[in-house]
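This report refers to the structure that appears directly beneath it.
The values are calculated or read from the model by the stated rules, or taken from the named source; none is laboratory data. Just so it is clear, the model here is predicted, and its values are computed rather than measured. No Cβ is skipped: glycine too gets one built from the backbone with ideal geometry, and neighbour counts run over all protein chains shown.
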Amino acid sequence: MDDPNFTKREKEIIELLMQGKSNKLMALDLDISEHTVEFHLKNVYAKLGISSRAEAIVKLGKSLGSAPPDKPGESAVVRGGKRENNKGIRHFNKAIIYILLGVSLLLLLPVLIGKPKAWENYERECEYPDEANVGQTIFRSNASGSKVHGQFGTIREAPWDAQEGYVIYKNIAIPETTTLFLKLRYSKSSPASVPILVYLDDEQTPRASIYPKDLQSWDEFAWTEAIYLGKVKSGTHSLKLFTQGQQYGVADLDQLILTSKIP
């Protein structure tokens, strides 16, 4: 898939889509969240002018020169000028695979029940906050998903004066942990004169402050270091980023990651 209309991440998603992988398997292969997979799939659908997974597979299959089998669930080969049906062989192979998978699951079940997988992280695109009173969605070619929540901390027209405000990301399920960290991907082309304050839920005291570095371009992006937010109780939480504002903006917000491990 060399179509320049798609970003690098979208091309990776398309490749896995054509392999028949589910959103969950895509997320595991790319080490991202299912929410992010869904976000990139929506962008792929929009660029293809379609609205469903099935349409995407058909349209992409045509563009890549592949074709579906003659009948669903069947394949055929040609031997001596005659087509021979492989349906029985395929069904037999599938039965063997299902048996092996069932045996493996039975062997692993006690381990899985006795040792549940620990929560590791929460990942989200920043361009569509659940609540905001400053900034707007802007296209940036080098951003994840090609968009950011831009002009964070400034008015929307020249001379781009400072404007105080916030963004809030809600419905973040986090188990109880004593070590919660935040990483933020951003762009910035102005001196760092004010911080971004980080709040959890309705707390009045910020958990941390971030001074984004001047990257000399709004099309250049960088990750912050792991920012320690402290202890968190189990439950559904919200993350609030607040700024007093500065001329030209404090930063363009691209992606955020919350994790219980030091990244």
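Which ones in the stretch 148-162 are touching a residue at least 40 places away in the same chain (Cβ under 8 Å) and surrounded by fewer than 21 Cβ atoms within 10 Å (Cβ to Cβ)?
Just the residues of the stretch 148-162 that are touching a residue at least 40 places away in the same chain (Cβ under 8 Å), to begin with: 148-154, 159-162.
Answer for the stretch 148-162, where residues must be touching a residue at least 40 places away in the same chain (Cβ under 8 Å) and surrounded by fewer than 21 Cβ atoms within 10 Å (Cβ to Cβ): 159, 160, 161, 162.
So for the stretch 220-242 (the condition being under 18 Å from residue 134 (Cα atoms), touching a Phe, Trp or Tyr at 6+ places or on another chain (Cβ under 9 Å) and in a loop (DSSP other than H, G, I, E, B)), does at least one residue qualify?
Taking the stretch 220-242 as the starting set, the residues that turn out to be under 18 Å from residue 134 (Cα atoms) are 238-242.
Subset that is touching a Phe, Trp or Tyr at 6+ places or on another chain (Cβ under 9 Å): 238-242.
Next cut, in a loop (DSSP other than H, G, I, E, B) only: none.
No; the residues of the stretch 220-242 include none that is under 18 Å from residue 134 (Cα atoms), touching a Phe, Trp or Tyr at 6+ places or on another chain (Cβ under 9 Å) and in a loop (DSSP other than H, G, I, E, B).
One line per residue, one yes/no per condition, for (1) within 24 Å of the chain's Cα centre (by Cα); (2) of a type in the set (Phe, Trp, Tyr):
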residue	(1), (2)
194	no, no
199	yes, yes
235	yes, no
240	yes, no
246	no, no
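Looking only at strands (runs of 3 or more DSSP E) that fall completely inside the stretch 43-144, which ones have 2 or more residues that are surrounded by 10 or more Cβ atoms within 10 Å (Cβ to Cβ) and either out of contact with any Lys or Arg (no Cβ under 9 Å at 6 or more places or on another chain) or at pLDDT 70 or above (or both)?
The qualifying strands (runs of 3 or more DSSP E) are 82-85, 121-125, 136-139.
Does the stretch 24-39 hold any residues that are under 15 Å from residue 8 (Cβ atoms) and touching a residue at least 40 places away in the same chain (Cβ under 8 Å), and which are they?
32, 36, 39
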